[in-house]
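What follows draws every value from the coordinates through simple rules; no lab data is involved. Nothing here was measured: the structure is a model prediction, and the numbers come from that model. Cβ coordinates were reconstructed from backbone atoms using ideal geometry, including for glycine residues, and neighbour counts include every protein chain displayed.
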Amino acid sequence: MPLGIGYIASQLIQKNLVRENDIRIVDSKKAAIEFKPDILGVGSVTQVVGDARQIARQCKKANGCLTVLGGYHITCIPRSLPEEFDIGVIGEGELTFAELVEKFTKGELTRKDLIKIRGICYHEDDKTVRTPPRGFIADIDSIPWPYRHRRYSSDEPVFTSRGCPFHCTYCASRTFWGDKVRFRSADSVVNEISYLVDSRQPKEIAILDDLWMAHKERFREIVTKLVERGIPEKVSFRGFCRSNIVNEETILLFKDLNYRFVRFGAETGSERLLKKIKGRGISVADHQRVIDLSFKHGLKCSASFMFGVPGETITDIKLTEAFLRKNRCKFGISGLYLFNPMPGTVLWRELLKKGKVSENLDFERYQLDFLNPRFSWDDILYFNEENIPLKQFQAIIESIKAEFIPWAAKKPLLKKIIPYLRKQHRKLKSIFKSALMQTL
């Protein structure tokens, strides 16, 4: 369920700007074109902005609709507004998009009107104009719950806060949500989750916040009230945590919530590199504590790791490998990722100064997930050549996959074997059919 679009839709409905029947949340180009919208709103992060452009291009060609782009990518580099989009919404979209719809219905979206709308960018002649920023919504309890038009899975996603109190150098959360974290009240969160459990009977509640347990007092209150209502007996929970703010009480609260597993972004087993990318307040010992406490209390634990960060050395990777071996039987690997610089991050700005990235970068070349079956080493973007040459880096990653995730290492072989087996199967069917015809 795309909650960002759902929040925008609920805002339009609450303000009586459109009827519910006039809104469609779609997940394919075909569905978007067939609906024939007056306004097409597309949310996109950097790695899929190429897909967003394609959808807008085809929908505009078919229907002549107004196209609006929102999300992290356009917020972080608004001057790069693709030509397929008429307008970009910068940052939180609820109020800005509602104003755009209101003016559109009144026929008030001329250039003179656009310049008065805060928090957007748009094309004018050969340049992109950006209007003054719109302030953040201070009281996020006031935002109506997201419009949930249909079920996408057996899970139901929930946002309980906006923003993150930390400043990882590879993350653009602060650029999008601002420096101040805004939390919904415990009652607001508990009421929405209770409603979802009672009305939609999900198997799991997926908390999508950057760090929903950062406000410890609020987190305790949410858990206490959910337990009092018997919610964890009906549904499991999942959400991200950060190792340096997890203690034994946190693990026990996770257990009270019926967490399926504890998941955090470890990123590396190197103390030096960890502090470089996540700040001084965190250590590999914090990672170890989360793993040990989860194991102690019978909770599954998993962590994700990132490789290829500028400045990473062979020594750093060996320390990560040692950390993985030490904990092989106590936790799982939830992700192996290739560093790609995201606009709006500290590392993006550093690479921008060095001339290694630009707003015209071919973002369709971004590949993040080493475990994705479609991952290919051909034509990838790699930003640590001076420390570890790409060929050597590739050999190291494939070795890590073979040792710690054997099934992933076998996928390239399976890709070759499966087509061969299919071909042989077709041959056998043909031979059998021929033999049967001769017998008859």
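Counting pairwise Cα distances across region 252-336, what percent come out greater than 17 angstrom? So the portion of pairs separated by more than 17 Å is 46 percent.
Summary of the geometry: region 203-226 and region 4-77, compared by the centres of their Cα atoms, lie 30 Å apart. Placing unit charges on the Cβ atoms only, positive for Lys and Arg and negative for Asp and Glu, gives the chain a dipole magnitude near 1540 debye about its Cα centre. Counted residue by residue at 0.36 nm each, then reduced by the alpha carbon distance between them, the extension gain from LYS216 to HIS297 reaches 27.2 nm.
Most tightly packed first, judged by the mean number of other beta-carbon atoms within 10 Å of their residues, the peptides 262-268, 353-359 read 262-268, 353-359.
Distant-in-sequence amide contacts of MET306, defined by a placed amide H-H separation under 5 Å and a gap of 5 or more residues or a different chain, comprise GLU267, THR268, TYR337. By DSSP, the beta bridges lying fully in the chain are antiparallel in about 25 percent of cases.
Computed from the Cβ-Cβ distance with R0 of 25 Å, the FRET efficiency linking ARG79 to LYS180 stands at 0.50.
As a ratio to 2.2 N^0.38 Å, the alpha-carbon radius of gyration for region 316-406 is 1.21.
Here the relative contact order of region 3-130, from alpha carbon pairs under 8 Å that lie six or more residues apart, stands at 21 percent. In bins 5 Å wide, starting from 0, what share of all Cα pairs of region 213-357 does each bin hold, as a percent? Computed distribution, short to long bins: 2, 9, 18, 19, 17, 13, 10, 7, 4, 2, 0, 0. The orientation-averaged projected area of the convex hull spanned by the Cα atoms of region 121-170 comes to 7.5 nm². Within region 137-193, the proportion of C-alpha pairs whose separation exceeds 15 Å stands at 58%. The equivalent ellipsoid that matches the C-alpha gyration tensor of the chain spans semi-axes of 36, 31, 27 angstrom, in descending order. Spin-label model, GLN54/ASN191: points 7 Å from Cα along the beta carbon direction are separated by 4.3 nm. Would you compute the Debye intensity of region 3-130 from its alpha-carbon atoms alone, equal scatterers and no solvent, and pass along log10 I(q)/I(0) at q = 0.15, 0.21 Å⁻¹ to two decimals? The Cα Debye sum returns log10 ratios of -0.65, -1.40. Descending by average beta-carbon neighbour count within 10 Å, the peptides 141-153, 276-288 line up as 276-288, 141-153, the highest first.
Taking Cα centre as origin and charging only the Cβ of basic (Lys, Arg, +1) and acidic (Asp, Glu, -1) residues, the dipole magnitude of region 22-162 rounds to 300 debye.
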